[in-house]
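See below for the structure under consideration.
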Amino acid sequence: MLSRKNKLLLLKLLSLFSVVRGYNILMIALAQYLASIYILSPDLPLRKVVFDLNLFFIVLASALVIASGYIINNFYDAEKDLINKPKKSMLDRLVSQRFKLTTYFILNFLAVFAASYVSFRAVLFFSAYIFGIWFYSHKLKKVPFIGNFVSATLAIAPFFAVFVYYKNFENVIFVHAIFLFLLILVREMIKDLENMKGDLAQNYRTIPILYDPKVSKFMIAGLILLTLIPSLLLIMKFDVGLMNYYFMACIALLILFLVLLLQAKTKKHYVWLHNILKFIIIVGVFSILLIDIDLVLNRIL
């Protein structure tokens, strides 16, 4: 049996894991490695990519910056989250705001230190990334659409870091990036509909509050239709192996998403829509393995 002190310590660790959304960070790190192996450097031996120290420190720096970003975002959104996510907010509050800020600065320092192993340009990139996340959380988050756009851009920045490292400028990579960016942008806009109650209470100037939920839904529908374009291109124009089945399934799910979006009225409906997008993104990470099954088997065997 754990003592009361140990139970409290365990709860605080769970709280910190909840604040930094450790599960998201692990997924992003996995996505960076899979993208590096199967998209950005398919001709390199598996061992050379997996044991590349430069890549490891890029992924590590990304994870540390993302974790610190979640902390600063949680710091600024504490009151809003108490309304929108009361259960999660109560768990997050087990860790003091002072401790969160201290952890935020430590993580950022460690991220820049990790980047320094790669190059001075990596230090500049991750320093700008840290500033961008802070500026978004402090100022831009409350600016309609621009806040959503910047948030989606920051979300794909870790993949941009790996992309620049491998200097692979093939068109298929840009199409993959556009597909992911549009999905994340839609997710950010769905979150505005999902969190209207807390946003309104804290005077956040989001699209559904400033204009109308119908305007927001119309814009989301337009972005979904745009997302279908890279999906079709990746199926018809580029060789993505068996991953084309993933994009076919995405098209079906996005059409279903549009139908449900038109009928959505309550927070519960928007949570369902948010979960559909999360499902598409998570499955997409593992579907990278389908780009070349022979490559997967040869690298495993």
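Pull up region 139-150, narrow it to residues that are of a type outside the set (Phe, Trp, Tyr) and assigned to a helix (DSSP H, G or I), then point me to the one that is modelled with the lowest pLDDT.
Lys142
Here's the yes/no breakdown for (1) modelled with pLDDT of 85 or more; (2) hydrophobic (A, V, I, L, M, F, W, C); (3) assigned by TED's automatic domain parsing to the domain that holds Ile58; (4) farther than 30 Å from Lys237 by Cα:
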site: Asp77; (1), (2), (3), (4): no, no, yes, yes
site: Arg93; (1), (2), (3), (4): no, no, yes, yes
site: Thr102; (1), (2), (3), (4): yes, no, yes, yes
site: Val118; (1), (2), (3), (4): yes, yes, yes, yes
site: Ser127; (1), (2), (3), (4): yes, no, yes, yes
site: Ser137; (1), (2), (3), (4): yes, no, yes, yes
site: Ala152; (1), (2), (3), (4): yes, yes, yes, no
site: Ala155; (1), (2), (3), (4): yes, yes, yes, no
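So, in region 166-186, exactly how many residues are modelled with pLDDT of 90 or more and not hydrophobic (A, V, I, L, M, F, W, C)?
Final tally of qualifying residues: 1.
Could you tell me whether any residue of region 230-242 is surrounded by 14 or more Cβ atoms within 10 Å (Cβ to Cβ), among the hydrophobic types (A, V, I, L, M, F, W, C) and not in a helix (DSSP H, G or I)?
Yes.
Residue-by-condition table, conditions (1) of a type in the set (Asp, Glu); (2) over 22 Å from Ile133 (Cα atoms); (3) in contact with an Asp or Glu (Cβ under 8 Å, 6 or more places away or on another chain):
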site: Ile37; (1), (2), (3): no, yes, no
site: Pro42; (1), (2), (3): no, yes, yes
site: Ser62; (1), (2), (3): no, no, no
site: Gly69; (1), (2), (3): no, no, no
site: Ile72; (1), (2), (3): no, no, no
site: Asp77; (1), (2), (3): yes, no, no
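For region 95-114, give me each residue that is surrounded by 16 or more Cβ atoms within 10 Å (Cβ to Cβ) and either within 17 Å of Asp77 (Cβ to Cβ) or among the acidic types (Asp, Glu) (or both). Break it down into steps so the answer makes sense when it comes.
Going through region 95-114, the residues surrounded by 16 or more Cβ atoms within 10 Å (Cβ to Cβ) turn out to be 95, 100, 103-104, 107-108, 110-112, 114.
Across region 95-114, the qualifying residues are Val95, Lys100, Thr103, Tyr104.
Can you tell me which residues in region 201-237 are small (Gly, Ala, Ser) and over 30 Å from Asn171 (Cα atoms)? Please lay out each step first, then the result.
First, the residues of region 201-237 that are small (Gly, Ala, Ser): 201, 216, 221-222, 231.
Scanning region 201-237 gives Ala201, Ser216.
Is it the case that some residue within region 231-244 is over 23 Å from Leu140 (Cβ atoms) and among the polar types (S, T, N, Q)?
So in region 231-244, the residues over 23 Å from Leu140 (Cβ atoms) come out as 231-244.
Going one step further and asking which of them are among the polar types (S, T, N, Q), we end up with 231, 244.
The answer is yes, given that some residue of region 231-244 is over 23 Å from Leu140 (Cβ atoms) and among the polar types (S, T, N, Q).
Sort out which residues of region 195-208 are buried (at least 19 other Cβ atoms within 10 Å of the Cβ) and either part of a loop (DSSP other than H, G, I, E, B) or touching a Leu at 6+ places or on another chain (Cβ under 8 Å) (or both), and write them in order of number.
If the condition is that a residue be buried (at least 19 other Cβ atoms within 10 Å of the Cβ) and either part of a loop (DSSP other than H, G, I, E, B) or touching a Leu at 6+ places or on another chain (Cβ under 8 Å) (or both), then Asn195, Gly198, Tyr204, Thr206, Pro208 are the ones that fit.
In this structure, is Tyr38 under 18 Å from Phe169 (Cβ atoms), in a helix (DSSP H, G or I) and not aliphatic (A, V, I, L, M)?
On the way: under 18 Å from Phe169 (Cβ atoms): yes; in a helix (DSSP H, G or I): yes; not aliphatic (A, V, I, L, M): yes.
In short, yes.
Is it true that Asn171 is out of contact with any Gly (no Cβ under 7 Å at 6 or more places or on another chain), crowded, with 18+ Cβ neighbours inside 10 Å and under 19 Å from Ile288 (Cβ atoms)?
Values: out of contact with any Gly (no Cβ under 7 Å at 6 or more places or on another chain): yes; crowded, with 18+ Cβ neighbours inside 10 Å: no; under 19 Å from Ile288 (Cβ atoms): yes.
Answer is no for this residue.
The values are calculated or read from the model by the stated rules, or taken from the named source; none is laboratory data. This one's a predicted model, so the numbers in the text were calculated from it and none came from an experiment. Cβ: placed from backbone, ideal geometry, glycine included. Neighbour counts: every protein chain shown.
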